[in-house]
Amino acid sequence: MDYREHLFRPLSKRFVDHLVLEIFKNPADFGIIYQLIFDNDEKVAWRTAWACQKISEKHPDWFSNHQVIELISLTLSTTHGGLQRGCLAVLNNISLPDPFQVEFLNACYDWMLSSKSPIAVQALSMKYIARICIEEPDLKPEFIAYLESINFEDYSQGFKTARKNIIKKLNIK
């Protein structure tokens, strides 16, 4: 299958599911589809990110540490909201990078609080920071205090719900 050509077809959940099923049938093609997330055509890149998100839900182990670092770099550099959201969704499903990326943590804080960030990017950034706090418990009290001090009235209902759920999850762990 010519995956790049397939990614130019009209977008739908069925379309992405079909593509992902093809990759599951042919795991050796994962590297081909993964590389398309860096395509110069933003449409191809963000549709590939959506497919990689679905792949990462079932096979997070398919993503190497090198790929994690590449995805972080792409997430930091892209200005396309859909691609950024897709990369963050993948990163939330796969292993945290080794070594830890402080620059990315800081960017997640910025995206989480930015009124210019789509709600999905805000929530996924918050979720990613929470994952880091679970791995690095010393960061947890500061992040919880930070979330509790936000004047959340200025944010969407989705942001408020994500904030409430993350505080609850971090207080349990």
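The values are calculated or read from the model by the stated rules, or taken from the named source; none is laboratory data. Nothing here was measured: the structure is a model prediction, and the numbers come from that model. Cβ sites come from the backbone with ideal geometry, for glycine too, and all protein chains shown count toward neighbours.
The table below lists the values:
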{"item": "Set Ser77, Ser117, Ser95, Ser149: member being in contact with a Gly (Cβ under 9 Å, 6 or more places away or on another chain), on the phi < 0 side of the Ramachandran plot and of a type in the set (Ser, Thr, Tyr)", "result": "Ser117"}
{"item": "Restricting segment 4-17 to residues that are surrounded by 13 or more Cβ atoms within 10 Å (Cβ to Cβ) and either of a type in the set (A, V, I, L, M, F, W, C) or without any contact (Cβ under 8 Å) to a residue 12 or more places away in the chain (or both), the residue that is farthest from Asp39 (Cα to Cα)", "result": "Phe15"}
{"item": "Any hit, segment 55-77, residues being more than 17 Å from Tyr128 (Cα to Cα) and within 13 Å of the chain's Cα centre (by Cα)", "result": "yes"}
{"item": "Any pair with Cβ under 9 angstrom, 6 or more apart, that starts in segment 152-173 at a residue that is assigned by TED's automatic domain parsing to the domain that holds Ile132 and ends at one that is of a type in the set (Asp, Glu)", "result": "Lys160/Glu153; Arg163/Glu148; Ile167/Glu148"}
{"item": "Any hit, segment 117-128, residues being in a loop (DSSP other than H, G, I, E, B) and within 18 Å of the chain's Cα centre (by Cα)", "result": "yes"}
{"item": "Condition broken by Gly81, with the remaining ones in (1) under 22 Å from Arg4 (Cα atoms); (2) modelled with pLDDT of 95 or more satisfied", "result": "(2)"}
{"item": "Qualifying position, being buried (at least 19 other Cβ atoms within 10 Å of the Cβ), assigned by TED's automatic domain parsing to the domain that holds Gly81 and in contact with a Phe, Trp or Tyr (Cβ under 6 Å, 6 or more places away or on another chain), among Ile23, Ile55", "result": "Ile23"}
{"item": "Qualifying position, being of a type outside the set (Phe, Trp, Tyr) and more than 21 Å from Arg163 (Cα to Cα), among Gly86, Gly31, Gly81", "result": "Gly31"}
